[in-house]
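First up is the structure itself, then whatever we jot down about it.
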Amino acid sequence: MKLALFDFDGTITSRDSFLDFLLYAHGFLKGSLGLALLTPVLLAYKIRVIPNWKAKEIVLRFFFEGWPKEAFEAVADSYASKRLNRIIRQETYDRIKWHQEQGHKVAVVTASVECWIKGWCRENDLDLIATQIEIKNDKVTGKLSTKNCYGEEKVVRIREKYNLDDYQEIFTYGNSRGDREMMQLSKRSISEYDEMVHWQ
């Protein structure tokens, strides 16, 4: 058996789906204003004053705290079906389809929140490992209900879902420091993939 693991944002997509989803859910004007107000938080994350997960919770709480679960899931499903395909990289999508045609198990492993990606993954027959958002009393709290699926946590979650010893080859695709640990899971032979020198 062979396993292909793909990061989502910046690898499958041409831009950050988190920010794209915020603008979709709130509209460009309101979303952009909200992001402008959150500039100190975003800058603090960029210079590593606060961790990835904390910045994500602050942004999620600002935009979605108190939203009814049904309304939040509806806009997430709408984004997945109507918007997400516009930011998918064709060359990466073609690579995913190639893996599937070879009979490989293919999974998306992402720090983004599951709700706005799962519909697209389901439509394309892809496993999904992602961060999850907390829902209490049928309302969004804006907090995370799982650890942020980033860095070492990606490896933890992958190992929870798959017995990696079952796979004779593991292909990994990523584009950022949050993917480094996952990329180290690669075990593959020399193949046509070597033309993709920027991927492992």
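The table below lists the values:
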quantity	calculated
Hits in region 74-122 (condition: farther than 20 Å from residue 186 by Cα, surrounded by 16 or more Cβ atoms within 10 Å (Cβ to Cβ) and among the hydroxyl-bearing types (Ser, Thr, Tyr))	79, 112
Those residues of region 53-73 which are surrounded by 17 or more Cβ atoms within 10 Å (Cβ to Cβ) and in contact with a Gly (Cβ under 7 Å, 6 or more places away or on another chain), in sequence order	57, 60, 63, 64
Residue match in region 109-128 (condition: of a type in the set (Val, Ile, Thr) and in a helix (DSSP H, G or I))	no
Those strands (runs of 3 or more DSSP E) lying entirely in region 131-200 with at least 1 residues modelled with pLDDT of 95 or more and closer than 19 Å to residue 58 by Cα	133-136, 139-144
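The values are calculated or read from the model by the stated rules, or taken from the named source; none is laboratory data. Please read these numbers as outputs of a predicted model, since none were measured by experiment. Cβ coordinates were reconstructed from backbone atoms using ideal geometry, including for glycine residues, and neighbour counts include every protein chain displayed.
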